[in-house]
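Take this structure, written in structure tokens, and hold onto it; I'll ask about it next.
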Amino acid sequence: MKLHADPIYRLSLTLVGISLIAMAFEGIRVRLAIDIPFRLEDFRQASPAGLLGCAVFGIPMVTLGGLLTTRALSLGVTCTDEFIRVRGCFRTRTIPAGKVTGLRRGLLGGLELRWEDQHGWPRWTRIGAFPVSFLAGKTCDWITPHNARCVGALERWIDQHASIR
């Protein structure tokens, strides 16, 4: 079973990533006082302090933006008989199906997958694909039905596989 985040939510995260990349390039352009398109000569003529500022500002912004842009498209949960794979914005975690103990809503409404590690210690993994915040009010009414369906399907899958253990 594959559960994906709402397409509009994935698109909005992708646009945030693209915006971060655009802000990084604009910051570099302003900091070095150069015109687009960037040319190698512009960077050779820039001061070392300007280049350092661009590197400190630009590299993290482009990295974060690229990660959000590419990972937002695959945001979701994949359930098989052997494992659950949770794909988030920054990492993917694969958990053996037999170790999953349930779902829990966090303090701010985020969904967490509860499971046990190989030593029996309780662990959890945040599922960023189905955000429901009680602080959002009426602004997220378009995403709530999709998330409720996905969370319900995930709960049924966990209940079905928890009875097998």
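The values are calculated or read from the model by the stated rules, or taken from the named source; none is laboratory data. None of these values were measured; they are calculated from a predicted model. Cβ sites come from the backbone with ideal geometry, for glycine too, and all protein chains shown count toward neighbours.
Counting just the residues of the range 6-63 that are among the charged types (D, E, K, R) and in contact with a Leu (Cβ under 8 Å, 6 or more places away or on another chain), which one comes out farthest from ALA129 (Cα to Cα)? Before you say what the answer is, go through the steps one by one.
So the first thing to find is which residues in the range 6-63 are among the charged types (D, E, K, R), and the list is 6, 10, 26, 29, 31, 35, 39, 41-42, 44.
From what is left, the residues that are in contact with a Leu (Cβ under 8 Å, 6 or more places away or on another chain) are 10, 42.
On the way: ARG10: 8, ASP42: 42 Å.
Applying the filter and picking the extreme gives ASP42.
Tell me which residues, restricted to the range 107-146, are surrounded by 11 or more Cβ atoms within 10 Å (Cβ to Cβ), polar (S, T, N, Q) and modelled with pLDDT of 85 or more.
Result: THR125, single match.
Can you pull out every residue in the range 86-106 that is surrounded by 16 or more Cβ atoms within 10 Å (Cβ to Cβ), among the small types (Gly, Ala, Ser) and more than 13 Å from GLN160 (Cα to Cα)?
Matches in the range 86-106: GLY88 only.
Return only the number of the condition from (1) surrounded by fewer than 15 Cβ atoms within 10 Å (Cβ to Cβ); (2) more than 18 Å from VAL151 (Cα to Cα) that GLY65 does not satisfy.
The one condition GLY65 does not meet is (1).
Another one. Those residues that are of a type outside the set (A, V, I, L, M) and closer than 13 Å to ALA72 by Cβ, I need them from the range 14-33; list them, please.
The first filter runs over the range 14-33 and keeps only residues of a type outside the set (A, V, I, L, M), leaving 14, 17, 19, 25-27, 29, 31.
Residues satisfying the conditions are THR14, GLY17, SER19.
Exactly one condition in (1) β-branched (Val, Ile, Thr); (2) within 25 Å of VAL151 (Cβ to Cβ); (3) modelled with pLDDT under 90 is not met by THR14; state its number.
For THR14, the failing item is (3).
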